[in-house]
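Here is the structure we will look at.
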Amino acid sequence: MDIVQYILAGIVVGFCVGVTGVGGGSLMTPILISLLKIEPHIAIGTDLLYASISKFCGSMVHAKKLNIVWPIVIFLALGSIPASFATNWVLHNFLSQSPDFKKLLTIVLGFMLLLTGVSIVFRQQIEKFVNRFRKDLPEQPSPEQQIELIKHKKMSMMIMGVVLGVLVTLSSVGAGAFGIMALVLMFPYLPMIRIIGSDVVHAVLLTFVAGLGHMTAGNVDFSLLMWLLVGSIPAIIVGTLLSSSMPDRLIRKILGVTLCLLGINFMLNPVKAKVPAQPKPATALVVASSSR
């Protein structure tokens, strides 16, 4: 029954990703924790490797179509990869034995789900806001000018990478929605497809490194990972093929509201460490045995 549930979870998430393009991490992790009752650290660690594998195919497509701005990927990675290593080191050496470990992970996950949900629900308003900046540009920069403008913001991108590295390593959520939203505001003159392509490639690198860190700490269930991929990969293909005939906006709205509610629930009711059962006092045992 567990295998069937894992495959079904992969199918549901894969189909939603194929239809809407919403990142799998924002859907998979809450499903694993809330419905399948997987421990938060195992769900997050497994989902990070799941995300890196599932996003890899998409990154190959973007690379083939030349949709990747490599300076953006490099500068983001210079901040996010070290931040992910540092976060995993702190988790493994200081926080993993704390009784508030699961609570911390769940609260961060809830915050990132809420942020992702808001970005999905108000996507049109965000795009309209960004388009104002696009119209205010005096002229479209040439590719060479774009590279120079990007290099001038390398420090901002590295700081953004640090933030992403910490949050994604803690929650497995945010590399897609949060990353794209920040890049759009930072580079309004870049075509959206190049921002998406750059973000996907950086997300592959970040989730892979963060997932490896969780794997070394024993936070990855490889059996779970395999069955999730078995369900999700065909579902992503089917969802992508059917996306043109599906009510994309309605599904996005439902997903966004659901993620907001899940995020609020995780922040208000975080998963806590189970208190071990206290052994019965020796005197009680003696009395019980003497009464016999």
Practice problem: Determine whether the range 87-106 contains at least one residue that is part of a helix (DSSP H, G or I), within 21 Å of LEU205 (Cα to Cα), open to solvent by less than 20 Å² (accessible area, probe 1.4 Å) and at pLDDT below 85. | Solution: no
Practice problem: Out of LEU66, LEU78, report the one residue that is of a type outside the set (Lys, Arg), part of a helix (DSSP H, G or I), open to solvent by 40 Å² or more (accessible area, probe 1.4 Å) and farther than 18 Å from VAL173 by Cα. | Solution: LEU78
Quiz item: If you go through the range 43-63 one residue at a time, how many are over 14 Å from the mean Cα position of the chain (by Cα) and crowded, with 17+ Cβ neighbours inside 10 Å?
Solution: 3
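Criterion first (aliphatic (A, V, I, L, M), over 21 Å from the mean Cα position of the chain (by Cα) and at pLDDT 70 or above) does ILE120 satisfy it?
Considered against the rule, which asks whether it is aliphatic (A, V, I, L, M), over 21 Å from the mean Cα position of the chain (by Cα) and at pLDDT 70 or above, ILE120 comes out as no.
The values are calculated or read from the model by the stated rules, or taken from the named source; none is laboratory data. No experiment lies behind these values; they were computed from the predicted model shown. Quick reminder, even Gly has a Cβ in these numbers, built from the backbone with ideal geometry, and neighbours come from all protein chains shown. Each accessible area value is taken on the protein alone, full model and side chains, heavy atoms only, with ligands, DNA and RNA left out. Shrake-Rupley method; radii C 1.70, N 1.55, O 1.52, S 1.80 Å.
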